[in-house]
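Engineer: Handing you a structure now.
Nothing in this text is a laboratory measurement; each read-out follows from the coordinates by a stated rule. Only a predicted model underlies this, so the values are computations on that prediction, with no experimental measurement involved. Methodologically, a virtual Cβ is constructed for each residue, glycine included, from the backbone with ideal geometry; neighbour enumeration extends over all protein chains shown.
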Ligand code: ZN
């Protein structure tokens, strides 16, 4: 399985609502493996399918600590079905917005309903980093980025930086 190139913001593929998956077939299983490979190699703790250019409702996560065994999670068609009124603030980053970290406030706990790779309906409740991460990734599947929670001024500053980064990378590739 292969690591896939990451889509860097701003990019229209990161602003689309991803399509629900009808059936768990070999393509979806392969996509999930590619996504986990890409996430671990980046390295990151979460990745949505649109971040490798596939506009389908699939996300992967692993928020296990450095000294803990890996806990790869794959969610198909995930939906946040409950969120706490208590909020938590984390400094978030994103593989599609390299080297930018900003504090974002979100519900502290959430319940997520999803389909697993066996095709079974699952529900999970998360707190802490897992809760923040799953909300960040579900946002991706709905065309939303963590910088959308920031002021317009700050968001535009970050997007300018990303455009510059992308044009520099394109230049490097051309040389
Ligand atoms: Zn992200």
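Engineer: Consider residue 101 against the criteria (1) part of a strand (DSSP E or B); (2) within 24 Å of residue 157 (Cα to Cα); (3) touching a helix residue (DSSP H, G or I) at 6+ places or on another chain (Cβ under 9 Å): it satisfies all of them except one. Which criterion is unmet?
Structural biologist: (3)
Engineer: Among the residues of region 142-156 satisfying the criterion of being assigned to a helix (DSSP H, G or I) and in contact (Cβ under 8 Å) with a residue 40 or more places away in the chain, which is nearest to residue 77 (Cα to Cα)?
Structural biologist: Pass one, region 142-156, residues assigned to a helix (DSSP H, G or I): 146-149, 152-156.
Next, only the ones that are in contact (Cβ under 8 Å) with a residue 40 or more places away in the chain stay: 146-147, 149, 154.
Values: 146: 20, 147: 23, 149: 23, 154: 31 Å.
Filtering region 142-156 for residues that are assigned to a helix (DSSP H, G or I) and in contact (Cβ under 8 Å) with a residue 40 or more places away in the chain, the one nearest to residue 77 (Cα to Cα) comes out as 146.
Engineer: Regarding residue 165, is this residue closer than 15 Å to residue 61 by Cβ and within 16 Å of the ligand (Cβ to nearest atom)? Steps first, please.
Structural biologist: Values: closer than 15 Å to residue 61 by Cβ: no; within 16 Å of the ligand (Cβ to nearest atom): yes.
Judged against the criteria, residue 165 is not a match.
Engineer: Can you name the condition, by its number, that residue 8 falls short on among (1) under 18 Å from residue 133 (Cβ atoms); (2) within 16 Å of the ligand (Cβ to nearest atom)?
Structural biologist: Unmet for residue 8, out of (1) under 18 Å from residue 133 (Cβ atoms); (2) within 16 Å of the ligand (Cβ to nearest atom): (1).
Engineer: Quick check on region 57-94: of everything there that is surrounded by 15 or more Cβ atoms within 10 Å (Cβ to Cβ) and over 18 Å from residue 124 (Cα atoms), which residue is farthest from the ligand (Cβ to nearest atom)?
Structural biologist: Per the criteria, the residue is 88.
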